[in-house]
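The structure appears right after this line, and notes come after that.
The values are calculated or read from the model by the stated rules, or taken from the named source; none is laboratory data. Computed from a predicted model, the values in this text were never measured in an experiment. With ideal geometry, Cβ positions are generated from the backbone for all residues, glycine too; neighbour counts draw on all protein chains shown. The protein model used for the area step is the full one, side chains on, heavy atoms only, and it has no ligands, DNA or RNA in it. Shrake-Rupley method; radii C 1.70, N 1.55, O 1.52, S 1.80 Å.
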Amino acid sequence: MFQIVTDSCCDIPFQFLDEAGIAFIPMLVEINGQEYKDDLGKTFDVDFFYEALKDKQMPTTSQINVGRYLEFFEPYAQKGIPVIYLSFSSGLSGSYNSALQAVAVLKEDYPQAEVAVVDTLAASLGQGLLVLGAKKQQAAGKSFTEVIAWVEEQKMLLQSWVTVDDLKHLERGGRISKSEAALGGLLKVKPIIHVDKNGKLQNVDKVRGRNKSLQKIVDETLAHLTSRQEQIVYIAYSGDVAAAETVLAAITAEVDIEDVACLPLGPTISAHTGLGCVAIFTFGKNRNEEVS
């Protein structure tokens with residue numbers, strides 16, 4: 001028997017992970033000098049967080065350090081339980097490297113500890129799709145190594161298409177310049193963002209107007225599918241459920257759906273996107289075949 005674990009950047013609600021027997025390590029979010037655990041809704045009030053964003057507050061996040069990972073992994077090592085940790089993209093956070101360092105330290109005291117740290121190269125519900133899929137593989141009787149192999153294959157088929165409404169947060173994160181944010185705000189320009197094969201955010205296009213940006217991420221999602229049959233579609237949103245439902249309706253009108261979810265974007269990701277972010281996650285074309 002082995003344990004599948006992840007972190008709260010997967011944006012799968014706590015109760016879903018709890019019912020599935022998937023453990024997670026929370027990210028930390030700071031608002032107005034107060035630190036909170038992003039525990040996927042177990043205690044954290046995401047509506048309170050969205051209100052803070054409406055009040056123009058600028059929350060910050062911090063990567064998980066080696067010490068916290070050690071505390072998280074050690075109980076499994078003590079019990080001799082192998083662990084597969086599906087990590088937030090290394091292209092977006094240093095947490096993945098901290099996890100690797102923690103495993104190296106852990107093995108000094110527990111040489112037989114088996115902890116596989118897998119870089120999902122994904123974020124939010126894209127990461128969540130891989131986590132839930134890995135659990136299904138385990139439930140179907142797949143071995144430790146077979147589940148890891150499944151994730152490594154499927155993560156390159158994961159497509160993530162994102163648009164944001166508030167450019168200030170992208171400016172603060174260095175995704176766009178101050179002048180681009182100012183001009184974009186005046187012209188109502190909305191960026192179209194893709195998570196590339198290295199798990200990094202790439203600004204691939206920009207369009208004028210909210211409705212056009214929502215349609216653009218729908219169009220890109222559809223264009224990157226390899227089939228329109230039995231598709232899994234997960235949509236994440238920060239504060240604008242109507243936009244998410246519009247996007248969902250546009251996709252379901254074109255695609256045969258096997259599994260669908262429309263869920264709030266967690267605070268760790270929303271801190272960097274602001275209100276109005278909408279992201280679509282599906283499996284489709286191989287990201288390794290895309291031109292960087």
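A few remarks follow.
- As for region 2-13, it holds no residue that is in contact with a helix residue (DSSP H, G or I) (Cβ under 6 Å, 6 or more places away or on another chain) and without any contact (Cβ under 8 Å) to a residue 40 or more places away in the chain.
The rows are residues; the columns are (1) part of a helix (DSSP H, G or I); (2) out of contact with any strand residue (DSSP E or B) (no Cβ under 8 Å at 6 or more places or on another chain); (3) open to solvent by 20 Å² or more (accessible area, probe 1.4 Å).
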position: Ile64; (1), (2), (3): no, no, no
position: Pro75; (1), (2), (3): yes, yes, yes
position: Ile84; (1), (2), (3): no, no, no
position: Ser90; (1), (2), (3): no, no, yes
position: Val117; (1), (2), (3): no, no, yes
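- Condition broken by Gln138, with the remaining ones in (1) among the polar types (S, T, N, Q); (2) surrounded by fewer than 21 Cβ atoms within 10 Å (Cβ to Cβ); (3) within 16 Å of Gln3 (Cα to Cα); (4) touching a Phe, Trp or Tyr at 6+ places or on another chain (Cβ under 8 Å) satisfied: (2)
- Meets criteria (farther than 27 Å from Ser93 by Cβ and either buried (at least 18 other Cβ atoms within 10 Å of the Cβ) or among the aliphatic types (A, V, I, L, M) (or both)) for Leu225: yes
- Conditions (1) polar (S, T, N, Q); (2) open to solvent by 30 Å² or more (accessible area, probe 1.4 Å); (3) within 19 Å of Ala261 (Cβ to Cβ): number failed by Thr6: (2)
- Scanning region 26-45 for residues that are at pLDDT 95 or above, hydrophobic (A, V, I, L, M, F, W, C) and either open to solvent by 80 Å² or more (accessible area, probe 1.4 Å) or in a loop (DSSP other than H, G, I, E, B) (or both) gives a single hit, Leu40.
- Filter result for Thr273 (hydroxyl-bearing (Ser, Thr, Tyr) and exposed (fewer than 14 other Cβ atoms within 10 Å of the Cβ)): no
- Checking Phe48 against (1) in a helix (DSSP H, G or I); (2) of a type outside the set (D, E, K, R); (3) surrounded by 12 or more Cβ atoms within 10 Å (Cβ to Cβ), the condition it does not meet: (3)
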